[in-house]
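The next block holds one structure in the form of structure tokens; read it before the comments.
The values are calculated or read from the model by the stated rules, or taken from the named source; none is laboratory data. Everything numeric in this text was worked out from a predicted model, so none of it was measured. Because the Cβ atoms are built from the backbone with ideal geometry, glycine has one as well, and the counts that use them run over all protein chains shown.
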């Protein structure tokens, strides 16, 4: 299914277009929570796109649900929509009640799950939690005796260690030492690697969407900006740059499609998502540089909207595993398979799609 054939993508795009004007994006960067925008997104039911119907969600396929995040990236939506979608899926599959409001998942954690006298405890740190200061709930996956568990963590009243990424999106950390209550922990269908991979799949969608916006802005600017008596888009060097930007955008969209199709009811194909994240990360870096070259000095000003997308591209590139991390994982998997499996190891990635 292409994005143009997906009514959920179209609906989300129209909604996000109304919510993400430059002033709205600038206001979000001041640290203000966009409450009206979240209410509109929640009213549309989008946080439940990945949740099965019998658990109160949309019951959309992962491909359809992830298209919402493609639209979110295209409009630089300043909300933890993807994180809430993933958290809802984890909780629903584990049979844990899904709380209302925005929910986040950590990009990294160092938390130890223990059980003593029939009671569960979780201690350590949750790092790089998207929008941590604005959410009251974080969902993580922790291991106990080599088995993964979904853990629902209430951060209401906790003081986060606040930090921002390059796009000035909150990426906070929490130090925790919790006694877990009934209904806050359950065995998980998903491993910690699965969660990291699904987070990476989420970022591939946003990168692909943002690059689609960036190339549209670049083409429009090249058509409108006149130098030496003609639009700069008539110059061969600019045409070449636009052609390279177009190839990077299409590569990122194809990779994002692969990542979305690697999340199924049967499980998560982490290596396929890793390949997609590597390719999207490369496209994010190259695409951002080319777009700023085309726009010239004007594109570097705060008044121009280009930076809302390029700063997000450079931030999302690193989150839930950058190119180095995923390339290392893929390489280790190839080595583990041995020389006789090398070719099949490469060609089988994503073949189930």
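Within the stretch 109-129, can one find any residue that is in a loop (DSSP other than H, G, I, E, B), closer than 22 Å to residue 30 by Cα, at pLDDT 95 or above and assigned by TED's automatic domain parsing to the domain that holds residue 176? For the stretch 109-129, residues in a loop (DSSP other than H, G, I, E, B), closer than 22 Å to residue 30 by Cα, at pLDDT 95 or above and assigned by TED's automatic domain parsing to the domain that holds residue 176: absent.
Filter the stretch 1-28 for residues that are modelled with pLDDT of 95 or more and part of a loop (DSSP other than H, G, I, E, B); which is nearest to residue 93 (Cα to Cα)? Per the criteria, the residue is 20.
Answer yes or no: is there a residue in the stretch 214-226 that is in a loop (DSSP other than H, G, I, E, B), modelled with pLDDT of 95 or more and out of contact with any strand residue (DSSP E or B) (no Cβ under 6 Å at 6 or more places or on another chain). So far as the stretch 214-226 goes, no, none of its residues is in a loop (DSSP other than H, G, I, E, B), modelled with pLDDT of 95 or more and out of contact with any strand residue (DSSP E or B) (no Cβ under 6 Å at 6 or more places or on another chain). One residue stands out in the stretch 257-271 among those that are surrounded by fewer than 23 Cβ atoms within 10 Å (Cβ to Cβ) and outside any helix (DSSP H, G or I): the one that is nearest to the chain's Cα centre (by Cα), namely 268. Kindly indicate whether any position in the stretch 269-287 is farther than 25 Å from residue 79 by Cβ, in contact with a strand residue (DSSP E or B) (Cβ under 9 Å, 6 or more places away or on another chain) and not assigned by TED's automatic domain parsing to the domain that holds residue 218. Checked against the condition, which is being farther than 25 Å from residue 79 by Cβ, in contact with a strand residue (DSSP E or B) (Cβ under 9 Å, 6 or more places away or on another chain) and not assigned by TED's automatic domain parsing to the domain that holds residue 218, the stretch 269-287 yields no hits at all. Within the set 210, 197, 186, the sole residue that is in contact with a strand residue (DSSP E or B) (Cβ under 6 Å, 6 or more places away or on another chain), assigned to a helix (DSSP H, G or I) and either within 30 Å of residue 49 (Cβ to Cβ) or at pLDDT 95 or above (or both) turns out to be 197. Can we say residue 254 is assigned by TED's automatic domain parsing to the domain that holds residue 307 and either surrounded by 19 or more Cβ atoms within 10 Å (Cβ to Cβ) or under 17 Å from residue 284 (Cβ atoms) (or both)? So residue 254 passes the test. Only one of the numbered conditions (1) in contact with a strand residue (DSSP E or B) (Cβ under 9 Å, 6 or more places away or on another chain); (2) surrounded by 21 or more Cβ atoms within 10 Å (Cβ to Cβ); (3) closer than 25 Å to residue 260 by Cβ is not met by residue 192, and that is (2). Might you let me know whether the stretch 23-46 holds any residue that is surrounded by 17 or more Cβ atoms within 10 Å (Cβ to Cβ), within 17 Å of the chain's Cα centre (by Cα) and within 24 Å of residue 196 (Cβ to Cβ)? So far as the stretch 23-46 goes, yes, one or more of its residues are surrounded by 17 or more Cβ atoms within 10 Å (Cβ to Cβ), within 17 Å of the chain's Cα centre (by Cα) and within 24 Å of residue 196 (Cβ to Cβ). If you check every pair at least six apart or on different chains, which have Cβ atoms under 8 Å apart with a residue in the stretch 13-27 that is free of Cβ contacts under 8 Å to residues at least 24 places away in the same chain first and a residue that is assigned to a loop (DSSP other than H, G, I, E, B) second? What qualifies is 27/34. Scanning the stretch 48-82 for residues that are touching a helix residue (DSSP H, G or I) at 6+ places or on another chain (Cβ under 8 Å), assigned to a helix (DSSP H, G or I) and within 21 Å of residue 266 (Cα to Cα) yields 48, 55, 62, 63, 64, 65, 66, 67, 82.
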